[in-house]
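K.L.:
This structure is in structure tokens; I'll ask about it shortly.
We did not get these values from a lab; they are worked out from the coordinates using the rules stated. What you see is a predicted model; the values in this text were computed from it and never measured. Cβ sites come from the backbone with ideal geometry, for glycine too, and all protein chains shown count toward neighbours.
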Amino acid sequence: MRNQVRRRLREQMRTRLRSLPPGTMIVVRALPDAAAASSDRLGRSLDDALARAARTTAGPRVSTGAGAR
């Protein structure tokens, strides 16, 4: 079952990769409920997660390093 979910997620991500900026690194982790989800539902979940990630990274960068003042 896990390989089926992996294949479905990979296919769903393949269609969305073109919309990401070059060099973007994505890790997709399937939770147990993904095994029962339809491919359409997995796609909607990926769209929601990518939209949340875009909002999170779109803000100004703030340095929190030890040398920051």
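K.L.:
So for each of 21-29, 43-51 I average, over its residues, the number of other beta carbons within 10 Å; can you give me the resulting order with the highest mean first?
P.N.:
Going by the mean number of other Cβ atoms within 10 Å, highest first, we get 43-51, 21-29.
K.L.:
Something else about it: What are the ³J(HN,Hα) couplings of segment 33-45, residue after residue, when phi is run through the Karplus curve with 6.51, -1.76, 1.60 and θ = phi - 60°? Round to Hz, x for glycine and proline.
P.N.:
5, 5, 4, 9, 7, 6, 4, 4, 5, 4, x, 5, 5
K.L.:
Okay, moving on. Using a Förster radius of 30 Å, what is the FRET efficiency between THR56 and ARG14 based on their Cβ-Cβ separation? Nearest 0.05, please. Can you show the working numbers first?
P.N.:
On the way: r = 23 Å, r/R0 = 0.77.
The formula returns an efficiency of 0.85 here.
K.L.:
What translational diffusion coefficient, to the nearest whole µm²/s, does segment 2-57 have by Stokes-Einstein, given a Kirkwood radius computed over alpha-carbon pairs, a temperature of 20 °C and 1.002 mPa s viscosity? Please report the intermediate quantities before stating the final value.
P.N.:
Numbers: Rh = 11.8 Å.
Translational D for this selection: 181 µm²/s.
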